[in-house]
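Student: Take this structure first; my questions come after.
The values are calculated or read from the model by the stated rules, or taken from the named source; none is laboratory data. From a predicted model like this one, the values you see are computed outputs, not experimental measurements. Positions of Cβ are generated from backbone atoms using ideal geometry, with glycine treated the same way; all protein chains shown enter the neighbour counts.
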């Protein structure tokens, strides 16, 4: 299964990747397994797993854990503030 991932705003700065494509092993079937697979450190895992981080799947905010499918476009998005 291949998916595309974007890290938005501060997550992009913290994790260093803006957008990547990943070929996933068959046992990665949901967002939480994906986070465990992607992270290289406890700090990265905590950054992506934090409850305030929104998961956007194919242009829609979804609840976590969320099932994954081949070709999904995911974005991890921290809360925004603005004015």
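Student: Mind listing just one residue for me: the one in the stretch 70-83 that is surrounded by fewer than 16 Cβ atoms within 10 Å (Cβ to Cβ) and touching a strand residue (DSSP E or B) at 6+ places or on another chain (Cβ under 8 Å) and, of those, modelled with the lowest pLDDT?
Tutor: 79
Student: Does the stretch 33-45 hold any residues that are surrounded by 17 or more Cβ atoms within 10 Å (Cβ to Cβ) and either touching a helix residue (DSSP H, G or I) at 6+ places or on another chain (Cβ under 6 Å) or part of a loop (DSSP other than H, G, I, E, B) (or both), and which are they?
Tutor: Matches in the stretch 33-45: 35 only.
Student: In the stretch 9-32, what count of residues is obtained for those that are surrounded by 16 or more Cβ atoms within 10 Å (Cβ to Cβ) and part of a loop (DSSP other than H, G, I, E, B)?
Tutor: The number of residues fulfilling the criteria is 2.
Student: Now a separate question. Restricted to the stretch 46-61, and to residues that are touching a helix residue (DSSP H, G or I) at 6+ places or on another chain (Cβ under 9 Å) and in a helix (DSSP H, G or I), which residue is nearest to residue 32 (Cα to Cα)?
Tutor: 49
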